[in-house]
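J.: Here's a structure for you.
A short reminder: the numbers here are calculations on the coordinates, not readings from a lab. None of these values were measured; they are calculated from a predicted model. Every residue, glycine among them, receives a Cβ derived from its backbone with ideal geometry; neighbour counts consider all protein chains shown.
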Amino acid sequence: MTVEHPSRKARATARATCKRAATSPMGARDCPTAREPRLRSADDVAAYLAVAVLSVYRLLRTGRLRGHKVGGQWRISDDAVSQFLEEEINVPRKRKSRK
């Protein structure tokens, strides 16, 4: 019984895919599936953003963070998380006036 090894081209493609995955907002831990958009749970997103899970649910409910309900659970793509972060960075904050 012989074991087939991946070709050089396949290995080079896998390395390039992993490098692209390393620049994703959630890191390279999903390197083998980097070609497909990764859907994360609200718990994963909360851990990444360092906020409470209830805050993630509030962001989803108000529409500030895009997500989809699948089987009663929220799923959020990496693209939605990075878009949310970009929008939040560029939003001017209201300053309280001092009296």
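J.: Going through region 37-54 one residue at a time, which ones are under 16 Å from the mean Cα position of the chain (by Cα), outside any strand (DSSP E or B) and without any contact (Cβ under 8 Å) to a residue 40 or more places away in the chain?
T.: Those that are under 16 Å from the mean Cα position of the chain (by Cα), outside any strand (DSSP E or B) and without any contact (Cβ under 8 Å) to a residue 40 or more places away in the chain: ALA42, ASP43, ASP44, VAL45, ALA46, ALA47, TYR48, LEU49, ALA50, VAL51, VAL53.
J.: Say we look at region 48-73 and pick out the residues that are under 19 Å from GLU87 (Cα atoms) and small (Gly, Ala, Ser); which of these is surrounded by the most Cβ atoms within 10 Å (Cβ to Cβ)?
T.: Going through the qualifying residues, I end up with GLY67.
J.: How many residues does region 51-99 hold that are within 14 Å of LEU39 (Cα to Cα) and polar (S, T, N, Q)?
T.: The total comes to 3.
J.: Which residues, taken from region 66-99, are among the small types (Gly, Ala, Ser) and in a loop (DSSP other than H, G, I, E, B)?
T.: Within region 66-99, GLY67, GLY71, GLY72, SER97 meet the criteria.
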